[in-house]
1. Largest first, what is the accessible-area ranking of Lys47, Lys146, Lys131 with a 1.4 Å probe?
2. With every protein chain kept in the model, how would you rank Leu190, Leu54, Leu20 by accessible area, 1.4 Å probe, largest at the top?
3. What list of ³J(HN,Hα) couplings, whole Hz, do you get for the stretch 162-170 from phi and the Karplus terms 6.51, -1.76, 1.60, once you set θ to phi - 60° and write x for glycine and proline?
4. Give the shape of the stretch 1-114 as rounded, prolate or oblate, defined through the alpha-carbon gyration tensor: a ≥ b ≥ c are the square roots of its eigenvalues, a/c under 1.5 means rounded, and otherwise the shape is prolate if a/b is larger than b/c and oblate if not.
5. So who's got an amide H within less than 5 Å of the one on Ile145, skipping anything under 5 residues away but keeping other chains? H placed 1.01 Å off N, in plane.
6. Run the simple label-point estimate for Ser162 and Lys131 please: 7 Å along Cα→C-beta, distance reported in nm.
7. Over all distinct alpha-carbon pairs, what is the Kirkwood Rh of the stretch 70-211 in angstrom?
8. Across the Cα atoms of the stretch 150-211, what radius of gyration and what greatest pairwise Cα-Cα distance (Dmax) are found, in Å?
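The values are calculated or read from the model by the stated rules, or taken from the named source; none is laboratory data. Source: prediction; values computed, not measured. So basically every Cβ, Gly included, is an ideal-geometry build from the backbone, and we count neighbours across all protein chains shown. Protein only, heavy atoms only, side chains kept; ligands, DNA and RNA dropped before computing areas. Shrake-Rupley method; radii C 1.70, N 1.55, O 1.52, S 1.80 Å.
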Amino acid sequence: MVILIGNQKGGAGKSTLTLLLANYLTEAHKRKVTVLDMDYQQSVAAKYEKAKILDNPAPYEVIPADLTHFPMLLEVLTRNPKETVLIDLPGKMDDDGLIPVILSGDLILCPFNYDEFSVDSTLLFAMVAGKINNRASIVFVPNRIKATVRYDTRQDVDRALSGFGTVSPGIADRIGFQRVDTLHTPATVLPAVLPVLDLIYGSYFIKEAAR
């Protein structure tokens, strides 16, 4: 199974969601996971290298990858039918080299924030990804929801995004997300993320296994 995590908007939480999902799949479900870090900032790969310095056993592998090497990497990784490949996409959609990456996805996760610029970028990402790959389901993940903020346009945004995919429950903003790495997810953030991750797993992984 190949899962893409993407959005054109920087700071939407792509890399953090990639780490959360990788940790969840390996810890809670003992799945074989490989992460391809294709984001320009390579923050997931940097955390992975830092963890190796600490001499901790890695629960999964993180491979920094560019678009030119993607087809060969995917062929090698997907030879194992039980492999789950998570791809942290670049933050821009203006490279034709992304087409085979988007085509490879079985599921697309799109974290976003309820602000005007983030929503516009999210809608554009969904339209482009859906045109390229119309077989992959898209799940929009509202991220960094602040309890003290009123999101007056939330229902309208959810309605617009629902035309392209499914909107998951929101993830509340927690300072502990800054401490997520390739070794563990802090217990303080689990109540905020487990409902979303359980929903994704139950809705898509179990269905995929049943095919």
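1. Largest to smallest exposure gives the sequence Lys131, Lys146, Lys47.
2. Leu54, Leu190, Leu20
3. These are the phi-based 3J(HN,Hα) values: 5, x, 10, x, 10, 9, 7, x, x Hz.
4. Taking the square roots of the gyration eigenvalues as a ≥ b ≥ c, the stretch 1-114 is rounded.
5. Ile171, Ala172, Asp173
6. Here the answer is 2.6 nm between the modelled labels.
7. In the stretch 70-211 this quantity evaluates to 16.8 Å.
8. 14.7, 42
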